[in-house]
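One structure below.
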Amino acid sequence: MIYEPLTMKKVALPAIVLFFACNFVKAQATKAPAYPLIDHNTYFSIWSFSDTLNAALTKHWTGKDQSLLGLIKVDGTTYRFMGKEGPVYKPILPASDEQPYTCKYTETEPSGSWESIKYDDSNWNTGAAPFTDDSSRAKTLWTSKDIWVRRTFTLNDLSIDKLVLKLNHDDNVEVYLNGDKIYSFVGWVSDFKLIALKDKFKNRLKQGDNVLAIHCANTAGGSWLDAGLLDEVKPNTTGGIILLAKQKSVEVNATQTIYNFNCVDVDLQVTFTSPLLMNDLDIFSRPVSYITYKVKSTDGKSHNVKVLFSASTAIAVNNPSQQVNTQKYATSSLSILKAGTVAQPILQKKGDDLRIDWGYMYVAVPKSGNELQYVTAQGGSVPSFVSGKINSTNKPGTLLELNTVLNFGSVGAAAKEKFVELGYDDLYSVQYFQQNLKPWWKLSGATIEGELSTAALQYAAVIKKCDGFNKNMYNDAVKAGGKSYADLCALAYRQSISAHQLLKSPQGDILFLSKENFSNGSINTVDVTYPSAPLYLLYNPKLLEGMLNGIFYYCESPAWQHNFAAHDLGTYPIANGQTYGENMPVEESGNMIILTAAIAKAEGNASFAKKHWKTLTTWAAYLSNNGFDPGNQLCTDDFAGHLARNANLSVKAIVALGAYADLASKLGKRSVAAQYYSLAAGMAVKWQGLADAGDHYSLVFGDKSTWSQKYNLVWDKVLGLRLFPAAVYKKEVNYYLTKQNTFGLPLDSRKTYTKSDWILWTASLADNQKDFKALTDPVYKYATETPTRVPLSDWHETTDGKMVGFQARSVVGGYFMKLLESKWVK
C-alpha cells in the first residue's frame, strides 16, 4: 500500500494568515550544524560541515572527506562555490594500508637509546604491520601491554614539501625520527591520523638510512599500531587565480538544500535534491540525487558560463589508500562516469565508523547536452578546468576525480538550468540471516543505468513532487508547533531516512533497517526505531513495519530463546542476530508493542499485529510480571547506566500493556482487552502514588529528590489510551519549565546533558502552544548555535550546546512527534 503525504486541511483563512503561511514556505531552515547534500542511506550520505559551501571539503556523515567540488567560469574568470581542494599526499614511508611492510619489534622494554639510528636491533623480532590483538586483522598479534617498533628505511630524494606522520595507535604512543621525539599522545584513535610535523624534523631526514621508532602502551581494551610518513605536496596552481563565489543564502527543506551565490555579474543557484518521497517507494529507494545549477546575468549583459562538478572517488572507498578503477561510457540517453574499488570486498566489513568500499558510484548527465566528462588524478580537476587543458586518465589509482563540465554558453537575464546526477549501486546492501540482500530498487531486475535514465527522464516531475511535499510538510509543522519547530523538522527529515536501507526479506516482507550511527553500529536497533517512529507513522507506516519485521522474524525463530524482545539484529551491515552485549527486556518489549499499536492506528486496522499476536502476547505477559517496577537494567538511555525502579521505564510498560489491550480490542478479543486494560489502568493509578514527589514525579520510585523526563507518557496521549489523567502531564510539564538550561531540558536529575528527540516528545505533553514553545525553543537554539559542526547530534549538553555523543542518527525522526500528535489527538 502506498501512502500519500499528509496535507493541510483546506480551510478559509484570513488574508493576513495566508500571507504569513506563504512566507513560512519561502523561509525554511537557514541554519544547521551540518547541511545535507546527498542523502540516501548510511553509506551514501554526503554533507557540508560549514555554513558556507565553499569553506571546507564536503564529508561523509562520519566526518571523513568525500569531496564534491564546484567551480564556475564566467567570461574566463573562475570562482569556487562548492568544497575546496584537499591536500595531496605522496607516500615517503607507506603504512600497511598502502603497502605491506615488516619491521623490527620487541615486547620487552629495551635498554639504551633504542630510538637512535645506530641502535642494534638484530636480536628483536621481525613482524608485519598492523600490530594488534584483533586476530582477524592482525599481521602480527600483539597482546602484551607494551610494544617497541623500529622501522628502518632508505631515502634518496630529500625534496619534501611538508613532512606528515601517518599514525594509527591504541593506546598511548611516543614516536621518534632518527632519535628525535616528533610526537606523543596519551589515549587512542580508531583510524589513521595525519599529523603535520615541524620543518625541523623534516630537516633531520638524511640520504641513506633513517629510522622511525615507536613505543606504544596498551592501557586498556584493544591494541593497535601502524605508521608511515607522507609528503604533503604543494597544490598545483596551473591556470591562474581562483576567486571565491559569494554565498548569499542557504535553505534546508525536507528534500533539498538550496544555495545562492553571486559571481560579480552572474548569480548561481545550486540545489541538492535527494527525492526521499515516502509515498512513492520507486523514487524513494532510487539511489540517485540531483545537483541542479541555475545561472543568470545580473547586469543586463550576456556572459559566457561554464560549471565544473568534480566528485572524488573517496565516495566509493572506506579509506583513501584503496585502489579504484574508473570508466567513462554512455547509454542511449546519458553520459556516465563510474568508479569503484579494485578489490570489491562486498559486505566484508561491519562496524560503526566505516564507509562503503564495494559497489560503484556514478556521475551522469543527459547525453543531449554534449557535456564534457573526464577523469583526473587527485588535484587535477581544478587546473584542468581553469586552463582548459584536459588530460583524462583511465588508470587505476587512489582518490581519483570524476569531472563533468556543463557548458551554459551565453547567459543573459533569463535563467538557464542544467543538472547532474550522482548515484550509487551498492550491489548488495545487507546480509540478512546469512543471505546477502540486494536493495529494494533492484527487486524488479532494474539496473543502475536504468535508474539514472528514469531519474533524468522524470527530473521535472520529481522536482515538482519534492517542492509540493516540502511545502506541505513545512506548513503542517508550522501549524502544529510554530516556525522554529518546522525548521527542526526540515533539518531532521533527510537525516532520519538516510540512516536506513530499504530491502525485501527472503520471506517477502519489507525491511527498513537502521544503522546506529556513532553509537555502536548496530543494525535495526529497537530502541533506535522507537524514537524514529513518528516520522514514518505520518508519511508511510509500511516503512515502520519494515523496521519491526526483522525483529519479529528473529524473535519468532529458534535462534531467540527469550520471552522478551531482542535489542538488535547484529552489527551493520550484517544482520545475523543480536550482537549487543546486554538485553533490555522491558525497554524493547514495550517498544515493540507500542509501535505495533501505533501502526494499527495509522493504518486503520490491526492486521500487522494479528500476524504476530502470539509473540506480542508473550511480551505482554513478560511486562505484566516484570514491567511495573523494573529491576536494575538498561533502558534506551543506556549511556546513563543501569537503573532500578525507573519510573519512566515503568510508564513504557504500562502504556505497552494498554496498547496491547487496544490491539486486542481491534482484533475482537474483548475479554483479553478488558483484562489488560484493567491491569494497565490499575498500574497507572499505583504509579502515580509511587512516583509522586509533590510538584513532580520522580526519576525512580522511592526517591522524591529525583526527576526525569517522562517522554514515554506521550504514547498514552497519542494513542488515546487515557491510562493517565491529563493532570499528570500538566504536573510534569509545569515542573520541566523550572528545570531548563540554555540549550534545553536535561534528561533527568543525574546530569545536565539531554536527548533532543525526547525533549520534543516531552514537549508534546503540553496542552498549549506557549508551553510547547518554551520547551522546544532551546532545542532550536541548540540546532542553530551548537559549536559542534556535524550532522545533528541527538545527545548534547544543555549548558553549552556541545555534542556529547552520537551524530547523524535516525532518531531525529522523533522530532515529528508534535506533528503526529496534532494529527491524531483531536
Inset, instruction - Provide the gained length on full extension for the span Val342 to Asp695, in nm with one decimal, where the gain is 0.36 nm per separating residue minus the Cα-Cα distance. - result: 120.6 nm
Inset, instruction - Measure off 7 Å from each Cα along the Cα-to-Cβ vector at Asp191 and Gln327, then give the distance between these two points in nanometres to one decimal. - result: 2.7 nm
Inset, instruction - Quick one: which residues, 5 or more positions from Val804 or on another chain, have an amide H under 5 Å from its amide H? H modelled 1.01 Å from N in the peptide plane, none for Pro or chain starts. - result: Trp795, His796, Glu797
Legend entry - Karplus-derived 3J(HN,Hα), 6.51/-1.76/1.60, for each residue of region 797-811, Hz, glycine and proline x: 8, 7, 8, 10, x, 7, 4, 8, x, 6, 6, 6, 8, 6, 5
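Calculate, for Ala621 and Asp467, the FRET efficiency according to 1/(1 + (r/R0)^6) with r their C-beta to C-beta distance and R0 60 Å; round to the nearest 0.05.
After rounding to 0.05, the efficiency reads 0.75.
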Legend entry - Semi-axis lengths (Å, descending) of the ellipsoid that matches the C-alpha gyration tensor of region 729-775: 17, 11, 9
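Calculate for the chain the 222 nm mean residue ellipticity that helices alone would give, adding -39,500 (n - 2.57) per DSSP H run of length 4 or more and normalising by residue count, nearest 500 deg cm²/dmol.
Working: 19 runs with 234 residues, N = 826.
Value at 222 nm, helices only: -9000 deg cm²/dmol.
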Legend entry - Computed lengthening from Glu785 to Lys200, 0.36 nm per intervening residue step minus Cα-Cα distance: 206.6 nm
Inset, instruction - Using only the Cα atoms of region 442-531, each taken as one equal point scatterer with no solvent, compute I(q) by the Debye sum, divide by I(0), and report log10 of the ratio at q = 0.12, 0.15 Å⁻¹. - result: -0.61, -0.91
Inset, instruction - Measure off, as a whole percent, the carbon and sulfur share of the 1.4 Å-probe accessible area of the chain, all protein chains present. - result: 50 percent
Inset, instruction - Taking the Cβ of Ser67 as the centre, find all other residues whose Cβ is under 11 Å away and add up their charges (Lys, Arg: +1; Asp, Glu: -1). - result: 0
Legend entry - Backbone HN-Hα couplings from phi across region 292-299 [Karplus 6.51/-1.76/1.60, Hz, Gly and Pro as x]: 9, 10, 10, 10, 7, 7, 10, 10
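Need one word for region 483-632: rounded, prolate or oblate. Basis is the Cα gyration tensor (sqrt eigenvalues a ≥ b ≥ c); a/c below 1.5 gives rounded, then a/b vs b/c decides.
It is rounded, given that a/c, with a ≥ b ≥ c, falls under 1.5.
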Inset, instruction - Would you tally the net charge around Ala600, using a Cβ to Cβ cut-off of less than 15 Å, leaving Ala600 out, and scoring K and R as +1, D and E as -1? - result: +3
Inset, instruction - Report the residues of region 647-664 in range of a label on Ser678: point 7 Å along Cα→C-beta, backbone N strictly under 11 Å from it. - result: none
Inset, instruction - Could you work out the per residue convex hull volume over the alpha carbons of region 264-369, in cubic angstrom? - result: 184 Å³
Inset, instruction - Work out, step by step, the length gained on full extension between Leu737 and Lys248: first 0.36 nm times the residue separation, then minus their alpha carbon distance; give nm to one decimal. - result: 172.3 nm
Legend entry - Extreme residue, positive dipole direction of region 106-195, given options Ser111, Leu158, Asn168 (C-beta unit charges): Leu158
Legend entry - In sequence order, calculated HN-Hα J values of region 502-510 (Karplus, 6.51, -1.76, 1.60; Hz; x Gly/Pro): 9, 8, 10, 6, x, 7, x, 8, 5
Inset, instruction - Positive end of the charge dipole of region 187-270 (Lys, Arg +1 and Asp, Glu -1 on Cβ, about the Cα centre): tell me which of Phe261, Phe201, Gly187 has its Cα farthest that way. - result: Phe201
Inset, instruction - Starting from the Cα of Thr298, step 7 Å along the direction of its Cβ; do the same at Thr752; then give the gap between the two resulting points in nm. - result: 4.3 nm
Inset, instruction - Could you tell me the largest-minus-smallest coordinate of the C-alpha atoms of region 703-799 on each of the three principal axes, in descending order and whole angstroms? - result: 41, 29, 20
Legend entry - Per residue, in Å², the accessible surface of region 171-262 once ligands and nucleic acids are set aside, probe 1.4 Å: 47 Å²
Legend entry - Value in Å of the Kirkwood radius, where region 634-690 supplies the Cα pairs that are averaged: 12.3 Å
Inset, instruction - Please work out the FRET efficiency for the pair Asn436 and Glu582, using the Cβ-Cβ distance as r and a Förster radius of 30 Å; give the result to the nearest 0.05. - result: 0.55
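Take the cross-link list Lys686/Lys751; Lys90/Lys162; Lys349/Lys438 and give me the ones stretching past 19 Å between alpha-carbons.
From Lys686/Lys751; Lys90/Lys162; Lys349/Lys438, over 19 Å: Lys686/Lys751.
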Legend entry - Calculated Rg and Dmax of region 578-731 using C-alpha coordinates, Å: 15.1, 45
Inset, instruction - Report the normalised scattering of the chain as log10 I(q)/I(0) at q = 0.05, 0.06, 0.11 Å⁻¹, calculated by the Debye formula with identical scatterers on the alpha carbons. - result: -0.30, -0.43, -1.29
Inset, instruction - Distance between Cα centroids, region 435-499 to region 565-627: provide it in whole Å. - result: 28 Å
Inset, instruction - Give Lys59/Lys306; Lys442/Lys802; Lys730/Lys823 a once-over and call out the pairs whose C-alpha atoms are over 31 Å from each other. - result: Lys442/Lys802
Legend entry - Separation of the Val233 and Ile117 label points, Cα + 7 Å toward Cβ, nm: 2.7 nm
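Check every DSSP H run in the chain and write down those whose alpha carbon atoms cover 30 angstrom or more along the long axis and whose mean Kyte-Doolittle hydropathy is 0.0 or greater.
The answer, listed by residue number, is 670-691.
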Inset, instruction - Any chance you could tell me what percent of the C-alpha pair distances in region 33-112 go past 22 Å? - result: 52 percent
Legend entry - Semi-axis lengths (Å, descending) of the ellipsoid that matches the C-alpha gyration tensor of region 118-168: 26, 17, 10
Legend entry - Inter-part distance where region 763-788 and region 800-826 are each reduced to a Cα centre, Å: 11 Å
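Using a Förster distance of 35 Å, how high is the FRET efficiency between Ala217 and His642, based on the Cβ-Cβ distance and rounded to 0.05?
Approximately 0.70, to the nearest 0.05.
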Inset, instruction - Rank by packing, highest mean first: peptides 568-574, 669-675, 405-411, with packing defined as the count of other Cβ atoms within 10 Å averaged across residues. - result: 568-574, 405-411, 669-675
Inset, instruction - With a 1.4 Å probe and every protein chain left in place, work out the accessible area per residue of region 522-660 in Å², rounded to a whole number. - result: 25 Å²
Legend entry - Relative contact order, percent, region 29-121 [alpha-carbon distance under 8 Å, six or more residues apart]: 15 percent
Inset, instruction - Starting from the exponent 0.38 and prefactor 2.2 Å, build the expected Rg for region 201-248 from its residue count and divide its actual Cα Rg by it. - result: 2.14
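The values are calculated or read from the model by the stated rules, or taken from the named source; none is laboratory data. Just so it is clear, the model here is predicted, and its values are computed rather than measured. Quick reminder, even Gly has a Cβ in these numbers, built from the backbone with ideal geometry, and neighbours come from all protein chains shown. Surface accessibility is based on the protein's heavy atoms, side chains included, excluding ligands, DNA and RNA. Shrake-Rupley method; radii C 1.70, N 1.55, O 1.52, S 1.80 Å.
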